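First up is the structure itself, then whatever we jot down about it.
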Amino acid sequence: MNVINTYKISLYSALLLFLSLPFSCSRDIDDLESAEFPTNGVIFIDGFSAGLNYAAFGGSKVTAFQVDNEVVFEGTSSMRFEVPDFEDPAGAYAGGTFFTAVGRDLRAYDVLTFWAKASKAANIDILGFGNDLGANRNQVTISNVAVNTNWEKYYIPIPDPAILTQERGMFFYSEGPEDERGYTFWIDEVQFEKLGTLSQPRPAILESQNQVITAETGDRLTIGGLSMTYNLPNGIDQRTDISPSYFSFISSDQSIATVGSDGIATVLDAGETTITAQVGGIEATGSLKIQSTGAPLLPLTPAPTPTENPDSVISMFSNVYDDVLVDTWNPFWEFSTALVDDVKIEDDDVKRYKQLNFVGILTEAEPIDATQMTHFHIDIWTPDPTDAPASFKVLLVDFGADGNFGGGDDSSHELSFTAPVLSTESWVSLDIPLSDFTGLTNRAQIAQLVLSGDLPNLFVDNVYYYNSGMTTGNGPTAAAPTPTNDPADVISLYSNAYTNVMIDTWSAEWDQAEVADVQIAGDDAKLYTGLVFAGVEFTSQTIDASAMERFHMDIWTPDAINPPAVFRIKIVDFGADGAFGGGDDVEHELTLDDTNTPGLTSGAWVEIDLPLSAFAGLTTTGSLAQLIISGDPNTIYIDNIYFYREDGGGNPTEPETAAPDPVAPASDVISVFSDAYTNIANTNLNPDWGQATIVTEVPIDGNNTLLYTGLNYQGIELGSSQDVSGMSTLHIDFWTANSTSLNVFLISPGPMETPYALTVPTSGWSSVDIPLSEFSGVDLADVFQFKFEGDGNIYLDNIYFQE
């Protein structure tokens, strides 16, 4: 690796523990000849060499390191390191460095060696030397070091011993839990040695890649991917990640760019130069060709000054407005090559992007609620060619109500701009209607702005959302359909066609929505924006809807209805005491979406008309007090909200009694759906076959009944394939007041399916026993599905095979 784990390297300068270690002379080590600095290569052999100190890294478990007098490779003691478990309150990992106050002369050595073992097979994140709690100029590391329960010898070669004249960083380590569990590892016999058996040294810069980069005068480019690979005495190749100080960098034309000992290339003038490197006279693989364009080409004038009213603006970046919090203007996403700087054009602050392929601009900590905004604005300037097919793209991403990326309710949309909208070396102001971002179905949690395209050099200013103060052209132009129900059969909450009951509020103080009164073609409507959930309360005068049979609401949304987008309706009854929380409250919520609600779509009025029996949990309707709407449409118009009964209540639209009780003995029955029998386990009564039918189970006289509302077709998937070849008939009880066509299908693999027509509508419950011989072609030994096909609202019960 050319970058140490960021969460650890950032902690190396923060110390929680500093110890002066006792040293041991129990085993004689031959001294090297005297020098200005000590030449002692021993770090730990049965104890620490003189002058050695230990510091635990910040955030680590400070007690992770101990001397162990029981587990040793050789001699009487070893170093023990206890890696903590995940979320250990004592520290997130084990890490620290062993260093000296006075540097040591290590030029006589070519490798750091040690023996190691662990309590289990593991991979230690980082081991190395050169961390002196300062500049760490001569740091060398090995990464993902495999250890197991056996002692093994390890090597960290010194890339160029000649530079280690006064090194203070003797040894350091960093390791976190593996699979969230800690473990223990031991290290012994730690010393610098002169082996003379290391071979095939192979230095590399830029991970051995030959890179080409466009730059300009003044740029400072860090050359990374620095490594050295040796063949060890055991025949294994060992890669080390090393500091720039070991390299001699060479610029083929120093008038164009020079490179310091820190590996940073400084661009001086226009032209071309190639950067190469050596370690100890050995050529490194990899190179950097710098193609400098010279002095940067900048806009001569600032971007146009915005004129929108500050009260109508949500600004991300502009000198004219107060900006909201932006997490970052460049998160350095994988595969993004973008760099960003803050520059001034005259006195105006501007964001300057270079090497732009794509870049994220994040407001994830505090997402932007743009539900009241109509437009997105951005000013851009580029020196790059903008002739077609060159493009500039803007992507907006909303994280949805849960505020989390990938939470299932995200939405986004990208727009692309080309010439003649784009122009070279002139400011281009883009004022984009938010309605053009058709896939951005929510605008209350905008967390990402992503810029991309074919303009690698881009100046950006005045990034904001605003409300133009004009109609967006994004609402309905025609009023909702006028209701035709007799007013005597209606209890209306909101409609110009009826007298409405008293409503306490159309947006309760506990909801998350904004509501406004609007007119559409002369008809009053309610407009909800920023809708997460909205509470409509009529608690001061609850509604007695016990004589009503159905609930109606018209809705219109400009937001795209893309799966899994849903719209929910909840009705709440406060019970006989008429008070919330009195112990007898009841409620039920229905979820509607584009797959089971005909016409639930964008840009059209949708008439939602549901039997109250579909609200199965709403067991009483004598004290209705709340209506709650929620879901994914962020902007929604509503009209004509009322309860009603059909035909003055003379002709029932739903069963008044349960289906007849079956009389067949249980031993003669294979039951699919019936309270009278044990049904086939794990049967799916509402598989997703793309149908438009709403499926609910409703209680009628305490008996569970299957209700298909708005039937087009509906499947049933049996929990297991059934052999019904020994049965004689299929029994079904069904009830419908408005169906004109109803077929039932048996299905076997193939698939093979055969319909049987049922007589509709019914006058009360209709019971039918269909001979299985009517389902010709179906393999009765392997029936695994049912299907109902037709129209209207269908009540079903007691679906079973019998002998």
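The values are calculated or read from the model by the stated rules, or taken from the named source; none is laboratory data. Everything numeric here is computed off the predicted structure, so don't read it as measured data. Glycine gets a Cβ as well: all are built from the backbone with ideal geometry, and neighbour counts include every protein chain shown. Heavy atoms of the whole protein, side chains included, go into the accessibility calculation; ligands, DNA and RNA do not. Shrake-Rupley method; radii C 1.70, N 1.55, O 1.52, S 1.80 Å.
Okay, here's what the table says:
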item: Interchain or long-range residues, amide H under 5 Å from Thr683's placed H; result: Gly719
item: Placed amide H near Thr337: partners under 5 Å, 5+ positions off or other chain; result: Asn357, Phe358
item: Surrounding net charge for Glu180, when Lys and Arg each add one and Asp and Glu each subtract one, Cβ distance under 9 Å; result: -3
item: Given Lys61/Lys117; Lys289/Lys351; Lys61/Lys120; Lys526/Lys787; Lys61/Lys354; Lys117/Lys194, the pairs whose alpha carbons are separated by over 30 Å; result: Lys526/Lys787; Lys61/Lys354
item: Label zone at Asp349, where the point sits 7 Å out along the Cα-to-Cβ direction: region 316-334 residues whose backbone N lies under 15 Å; result: 316-330
item: Pairwise FRET efficiency - Glu607 versus Ser725, Cβ, R0 = 51 Å, nearest 0.05; result: 0.65
item: Spin-label model distance (nm) - Val102 vs Ser468, 7 Å beyond Cα toward Cβ; result: 7.8
item: Along principal axes, Cα extents of region 310-470, largest first, whole Å; result: 40, 36, 28
item: Accessible area (Å², per residue) of the chain, counting only protein heavy atoms and a probe of 1.4 Å; result: 42
item: FRET E, pair Ser435, Ala521, Förster distance 22 Å, beta-carbon r, rounded to 0.05; result: 0.65
item: Net lengthening on full extension, Thr214/Glu509 (0.36 nm per residue, minus Cα-Cα); result: 100.5 nm
item: CD proxy at 222 nm, helix term only [per DSSP H run n ≥ 4: -39500 (n - 2.57); per residue of the chain; nearest 500]; result: 0 deg cm²/dmol
item: Extended-chain gain in nm, criterion 0.36 nm per residue less alpha-carbon gap, Glu753 and Ser426; result: 111.0 nm
item: Gain on full stretching of the segment that runs from Thr499 to Glu334 - 0.36 nm per residue minus C-alpha separation; result: 53.3 nm
item: In Hz, Karplus ³J(HN,Hα) per residue of region 144-159 (6.51, -1.76, 1.60; θ = phi - 60°; x = Gly, Pro); result: 6, 7, 6, 10, 9, 7, 10, 5, 9, 8, 10, 10, 10, x, 8, x
item: Isotropically averaged projected area of region 666-802, using the convex hull of Cα atoms (one quarter of hull area), nm²; result: 7.6
item: Residues listed by number, region 418-443, amide nitrogen under 20 Å from Phe405 label point at 7 Å toward C-beta; result: 439-443
item: Over the chain, relative contact order from alpha-carbon pairs under 8 Å, at least 6 apart, %; result: 7
item: Rg over Rh [alpha-carbon atoms, Kirkwood Rh] for the chain; result: 1.12
item: Förster-model FRET efficiency, 35 Å R0, Glu414 and Asp262, C-beta, rounded to 0.05; result: 0.30
item: Per-residue HN-Hα couplings for region 267-276 [Karplus 6.51, -1.76, 1.60; θ = phi - 60°; Hz; x = Gly/Pro]; result: 7, 9, 7, 6, x, 9, 8, 10, 9, 10
item: Overall form of region 97-145 per C-alpha gyration tensor (a/c, 1.5; a/b vs b/c); result: prolate
item: Values of log10 I(q)/I(0), in the order q = 0.19, 0.26, 0.27 Å⁻¹, for region 32-75 under a Debye, Cα-only, solvent-free model; result: -0.81, -1.04, -1.06
item: Accessible heavy-atom area order of Glu167, Glu646, Glu774, highest first, probe of 1.4 Å; result: Glu774, Glu646, Glu167
item: Of all accessible heavy-atom area on the chain, the percent that carbon and sulfur account for (1.4 Å); result: 48
item: Residues with amide H under 5 Å from that of Gly631, placed H, sequence gap 5 or more; result: Arg568
item: For region 700-711, Karplus couplings with θ = phi - 60° (6.51, -1.76, 1.60), whole Hz, Gly/Pro x; result: 10, 6, x, 9, 5, 9, 8, 10, 9, 9, x, 4
